[in-house]
Amino acid sequence: MRDWKNPLLRSRMARFRGCLLLTLGIVCIGLLAGLGQEDVQTTTADSKPLQGLTVALDPGHGGYDGGAKAHDSGKWEKEINLQIALVVEKELAARGATVVLTRREDICLSEGDTATKQRKRADLQSRVDMAKAAGADVFLSIHLNEYRSRAESGPQVFYQRGGEDGRLLAGVLQAALIEGLNPPKQRKAMAGDYYVLRSAIPSALVECGFLSNAAEEKLLLSPAYQQKIALSLADGLEEYVALLRRRGQGTQEQIQ
Ligand SMILES: [Zn+2]
């Protein structure tokens, strides 16, 4: 039987308990630090969800080709497309994507002095060629709509008829724009026949809104709304990447 009343033994036991508590404390701190570290790593991975994705971003029109003209401000679509594309580029890059812009200035991408059908075709082909040369996983063309009725509004995304990945891409971008912009008129992604969408790259043409609608024109010109468009498109691309991953194909290997 141990003599618990022995002062020497009691002090040894106290030291032993002290050491045990200290060791436990160190182990706990170590575990917490480990968990914390894992947390940090997870956050880093999540903050770059578009890592590995190359996006060709195409501000529609440029140079002699102004596109649509805003009804009230008189601004050309080409100018606002570029503003929006630059904001989108920033957001996509922040989420880890590699972004290639087809133009950064007010230029046409084909030679010539006059607006001919051939010149327009060459301009569009240059944009697709740039996307191909960059090895783009996704091609997004940024545009603004107009219509004779000033009541029409709302973003709308188009894909090439028959292109499965393009349809998927347009669908998620449309949903993300509705979620992010909450437009009064909720449109659906639609099949169309656009030259820039015909390549093998999954492609979508994003009409961000109507320049013929007074209220929407104001929004489209505002940096805050342009930022919302950028966030929405980035969210949509995240969803697209997640869908491809779940499907187990496409850009999956490049992203992981
Ligand atoms: Zn356009």
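Structure values in brief
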| read-out | value |
| --- | --- |
| Residue selected from segment 176-213 under the condition in contact with a strand residue (DSSP E or B) (Cβ under 8 Å, 6 or more places away or on another chain) and hydroxyl-bearing (Ser, Thr, Tyr), by the criterion farthest from VAL138 (Cα to Cα) | SER212 |
| Restricting segment 59-89 to residues that are of a type in the set (A, V, I, L, M) and in a loop (DSSP other than H, G, I, E, B), the residue that is nearest to the ligand (Cβ to nearest atom) | ALA68 |
| Those residues of segment 202-232 which are more than 16 Å from the ligand (Cβ to nearest atom) and buried (at least 24 other Cβ atoms within 10 Å of the Cβ), in sequence order | PRO202, SER232 |
| Pairs where the first residue, in segment 65-86, is over 21 Å from LEU109 (Cβ atoms) and in the same structural domain as VAL100 (by TED's automatic domain parsing) and the second is among the aliphatic types (A, V, I, L, M) and crowded, with 20+ Cβ neighbours inside 10 Å, C-beta under 6 Å, 6+ apart | ALA70/LEU211 |
| Flag if ILE142 is among the β-branched types (Val, Ile, Thr), touching a residue at least 24 places away in the same chain (Cβ under 8 Å), in a loop (DSSP other than H, G, I, E, B) and within 16 Å of the ligand (Cβ to nearest atom) | no |
| Failed item in (1) free of Cβ contacts under 8 Å to residues at least 40 places away in the same chain; (2) over 25 Å from HIS71 (Cα atoms), with ILE178 passing the rest | (2) |
| Of all residues making up segment 107-116, the number that are away from the ligand (no atom under 16 Å from the Cβ) and loosely packed, with under 15 Cβ neighbours inside 10 Å | 5 |
| Residues of segment 128-165 classified as under 21 Å from the mean Cα position of the chain (by Cα) and loosely packed, with under 15 Cβ neighbours inside 10 Å, total | 4 |
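The values are calculated or read from the model by the stated rules, or taken from the named source; none is laboratory data. A quick note: this is a predicted structure, and the numbers were derived from the prediction, not measured. Neighbour counts are summed over all protein chains in view; Cβ atoms, including those assigned to glycine, are modelled from backbone coordinates with ideal geometry.
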